[in-house]
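Contents: one structure, followed by commentary.
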Amino acid sequence: MPLPLSPLRLLLLLLVLCVIWFGNLEQRKLALTDEGRYAEIPREMVASGDWTTPRLNGFKYFEKPALQYWATASAYTLFGQHHWTARLWTALTGLLGILAVYLAGRRLFGPQAGLYAGLALGSSLLWVGMGHMNTLDMGVAFFMGLGLCAFLLAQHAGASRRENALWMHVVWASLALSVLSKGLIGLVLPGAVMVLYTLIQRDWGLWRRLHLLSGLVLFFIIAAPWFVAVSLANPDFFHFFFIHEHFERFLTKVHRRDEPWWYFFPIFVLGILPWLIPALDALRRAWNREGERKNFHPGRFLLIWAVFIFFFFSISSSKLPSYILPVFPALALLTGRHLAGMSGKTLFWQMLPMALLAIVGLWFSSRAANLAGEESARQAYAQYGLWAAWTAAFWLAGLIAGLVLAYRQRAQLAILIFGFTALLAAQSILSGHDLLARTTSTYYLAQQIRPHLKPETPLYSIGTYEQTLPFYLDRTLTLVAYQDEMAFGIGQEPHKWIADIPAFERKWRTETYALAIMLPETYQQLKNNGLPMKEIARDTKRVVVATP
C-alpha cells in the first residue's frame, strides 16, 4: 500500500522539480528555426513599441496570435533580453501544465493518482523537450490541458452547482487563451471532443451544464480585442490568418509539412517515454473502467480527447512533432490513475523494456558522429554522442534501481525514481545539445560580426535567413532573393527587400560600407562574378563579408 506523502514532502518534490525544470534555460544557445523566430518577434515588439502588429525581421507576420509574443516581450522588458527570458513562457506553461494535471488527478482519482499523473506528464520526453524549446506549442497545449482539467472538475459527479459554474468559466477562459496562443484549434479541437463524447455517451444533459451564454461572453471578452485591433490596423489580416493559416494549412500542402499518415506514431512512442507501456495499458482500460457507468465518464472523455486529437493531426496536411502535445495531459491523467492501482510486480514487467531501450540508447549514442551533415561538424556530434552515452547510462542506472524497488513491491518509490531520473536524463540531453551550437545557432557567428557592425551599417542576407541572427545582433536584416514565410509581409512592404542577386550586386557597388551574410556557394558565385568584398566571419554553414 503506498504511503501518503506529507505536505512538506510534496513541497520538497515541487522545489526539486522547479530546480530541474528551470535550471538550464539560460545555458543553451537559441537553436532551430522556431527558437529564433519566437525570440525575435517579441524583441521587435519591444524595440518598436507596437504590440498590436507582430513583425518578423521588420515584416508583418500574421501566422500566429500574439499571446506568447506579449508574454516574452514582457519578460524582456522586466528582466532583459536573455536565453532564459526568451524561453520563460514555454517553460512556465509547461510546469503549470504539470501542476494542473496533478491537482485535477488528485481531485478526480485520489492523491496517489494525482501525484503519478503529474509525474508522468513532467517526465515524458516530448513534454520536457517542448517545455524547454521556444515554440508556441507548449502554450496552446497548456491552455487546452487546463481547459480539459477544469472541464473534468466541473462535470464530475461530486461537483456542486457552484463548482460547476466556477470551473466551466475557467474552461471558457482557457479556450480563449488557447485561441490567443495558436489560433482556432484551441477552440475547435475541445469543441469536437465535446460533441463526440455526447454523441457516444448520449449524455445530452451535459450541454445544460456548460454555461454557454456567460461562457461565450467571457470567451469573447478575452479573445476578441486583439483580433479586432489587429484587423483594424491591417485589413489583410483576416483572410491571411483565418483562411490561409487555418483552412489552407490543414487541407493543403502549402507549408510543405506534408508527412505520411503514420508520422505521429513513432513520435508518440518516443515522446511518452518512459511511460509507454503503462500509458497504452491505461488507454486500453479507459473505456470500461468500473465505477464510471453513470453520470459523467471522465475515463471515456480522456480517451476520446487523446484519440481524436491524435487522429485530427494525423490526417492534416501540415505536420510537426509538437502538434500532438495536447494529447499528453489527457494521457497523463489516465496513466496516473492506472499507476495508482498497479502492483509492484506489474510495474516491474511494464517498465522492464525501458531498460532495454536505454541499452539501445547507449549503442546509438556511440554512433552520433555519423549524424553530422558536414565533416566540420563531426567532432561536435562525437562529443554530443559521448554526452548522450553518459546520459543513457544514468537513465539505465535509475531504471535498474526502480525495477529492483518495484520487484520488492515498493511501487511508490519506484515510480518516483522512474519519473525523476527520466526528467534528469531528458534535461541532460537538452543541455548537451549546446555542444552542437556552432552548427545549430548563429550565436558564435554574431560575436564575430559585432565588431564590424555599427547601428547604421546595412546588413544583407542573401538567399537565406538565419532566424537566430537578428536576436543576437539586436537588429533586422535586408533580405535578398529570399521570401519564404515572410512572403506576405514582403508583399505588404516590397521596398524593404531586394528581389534578386543582380539587383543586390548593383546596390552593393554603391555602398560606402555594408555587410552581407550568405551561403558558401553564394559567396563563391559572387566572387566569380568579381563582386568586391572581403570575408570577415565564417561558420560551418555561412560566410559574412564586408565591402572592401
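Being under 18 Å from A516 (Cβ atoms) and either crowded, with 22+ Cβ neighbours inside 10 Å or in contact (Cβ under 8 Å) with a residue 40 or more places away in the chain (or both) is the filter here, so list the residues in the stretch 475-485 that pass it. T476, L477, L479, V480 - these are the residues of the stretch 475-485 that are under 18 Å from A516 (Cβ atoms) and either crowded, with 22+ Cβ neighbours inside 10 Å or in contact (Cβ under 8 Å) with a residue 40 or more places away in the chain (or both).
Looking at the stretch 274-291, is at least one residue farther than 24 Å from F418 by Cα and of a type in the set (A, V, I, L, M)? No, the stretch 274-291 contains no residue that is farther than 24 Å from F418 by Cα and of a type in the set (A, V, I, L, M). For the stretch 447-472, a residue qualifies if it is more than 19 Å from I501 (Cα to Cα), surrounded by fewer than 19 Cβ atoms within 10 Å (Cβ to Cβ) and either under 31 Å from the mean Cα position of the chain (by Cα) or not assigned by TED's automatic domain parsing to the domain that holds E511 (or both), and the qualifying residues are Q447, Q448, R450. If the condition is being surrounded by fewer than 19 Cβ atoms within 10 Å (Cβ to Cβ) and either in a loop (DSSP other than H, G, I, E, B) or under 33 Å from the mean Cα position of the chain (by Cα) (or both), then the stretch 522-538 contributes N529, G530, L531, P532, R538.
Listed conditions (1) in contact (Cβ under 8 Å) with a residue 60 or more places away in the chain; (2) surrounded by 16 or more Cβ atoms within 10 Å (Cβ to Cβ); (3) charged (D, E, K, R) are all met by K496, apart from (2). Tell me, yes or no, whether the stretch 90-99 has at least one residue that is more than 17 Å from the chain's Cα centre (by Cα) and modelled with pLDDT of 95 or more. There is at least one residue in the stretch 90-99 that is more than 17 Å from the chain's Cα centre (by Cα) and modelled with pLDDT of 95 or more.
Of everything listed in (1) in contact (Cβ under 8 Å) with a residue 40 or more places away in the chain; (2) within 30 Å of A487 (Cα to Cα); (3) of a type outside the set (K, R), the single unmet condition for V16 is (2).
Please specify each residue of the stretch 515-545 satisfying the condition of being aliphatic (A, V, I, L, M) and within 17 Å of T464 (Cα to Cα).
Just the residues of the stretch 515-545 that are aliphatic (A, V, I, L, M), to begin with: 515-519, 526, 531, 533, 536-537, 543-545.
Those that are aliphatic (A, V, I, L, M) and within 17 Å of T464 (Cα to Cα): L515, A516, I517, M518, L519, L526, A537, V543, V544, V545.
In the list A75, A159, which residue meets the criterion of being modelled with pLDDT under 95 and either in a helix (DSSP H, G or I) or farther than 30 Å from A414 by Cβ (or both)?
Numbers: A75 fails: modelled with pLDDT under 95.
Of A75, A159, the one residue that is modelled with pLDDT under 95 and either in a helix (DSSP H, G or I) or farther than 30 Å from A414 by Cβ (or both) is A159.
Going by what's in this entry, would I501 be described as of a type in the set (V, I, T) and in contact with an Asp or Glu (Cβ under 8 Å, 6 or more places away or on another chain)? Taking the combined requirement at face value, the residue does not satisfy it. How many residues does the stretch 134-155 contain that are of a type outside the set (S, T, N, Q), touching a helix residue (DSSP H, G or I) at 6+ places or on another chain (Cβ under 6 Å) and either closer than 25 Å to A39 by Cβ or not in a helix (DSSP H, G or I) (or both)? Residues that pass the stated criteria total 10.
For the stretch 234-243, the set of residues classified as outside any loop (DSSP other than H, G, I, E, B) and either touching a residue at least 40 places away in the same chain (Cβ under 8 Å) or closer than 16 Å to G191 by Cβ (or both) consists of F237, F240, F241, F242, listed by residue number. Looking across S231, S214, one residue alone is part of a helix (DSSP H, G or I), modelled with pLDDT under 95, hydroxyl-bearing (S, T, Y) and within 30 Å of W51 (Cα to Cα). It is S231.
Give the residue, chosen from A406, A426, A422, A414, that is touching a Pro at 6+ places or on another chain (Cβ under 7 Å), crowded, with 23+ Cβ neighbours inside 10 Å and not aromatic (F, W, Y). Please lay out each step first, then the result.
On the way: A406 fails: touching a Pro at 6+ places or on another chain (Cβ under 7 Å); A426 fails: touching a Pro at 6+ places or on another chain (Cβ under 7 Å); A414 fails: touching a Pro at 6+ places or on another chain (Cβ under 7 Å).
Result: A422 is the single residue among A406, A426, A422, A414 that is touching a Pro at 6+ places or on another chain (Cβ under 7 Å), crowded, with 23+ Cβ neighbours inside 10 Å and not aromatic (F, W, Y).
Given the options V188, V179, name the one that is buried (at least 19 other Cβ atoms within 10 Å of the Cβ) and either touching a helix residue (DSSP H, G or I) at 6+ places or on another chain (Cβ under 8 Å) or farther than 26 Å from Q492 by Cβ (or both). Don't jump to the end; show me each part of the working.
Details: V188 fails: buried (at least 19 other Cβ atoms within 10 Å of the Cβ).
Of the residues listed, the single one that is buried (at least 19 other Cβ atoms within 10 Å of the Cβ) and either touching a helix residue (DSSP H, G or I) at 6+ places or on another chain (Cβ under 8 Å) or farther than 26 Å from Q492 by Cβ (or both) is V179.
The values are calculated or read from the model by the stated rules, or taken from the named source; none is laboratory data. Quick caveat, the model's predicted, so the values are computed rather than measured. All Cβ positions, even for glycine, are placed from backbone atoms using ideal geometry, and neighbour counts span all protein chains on display.
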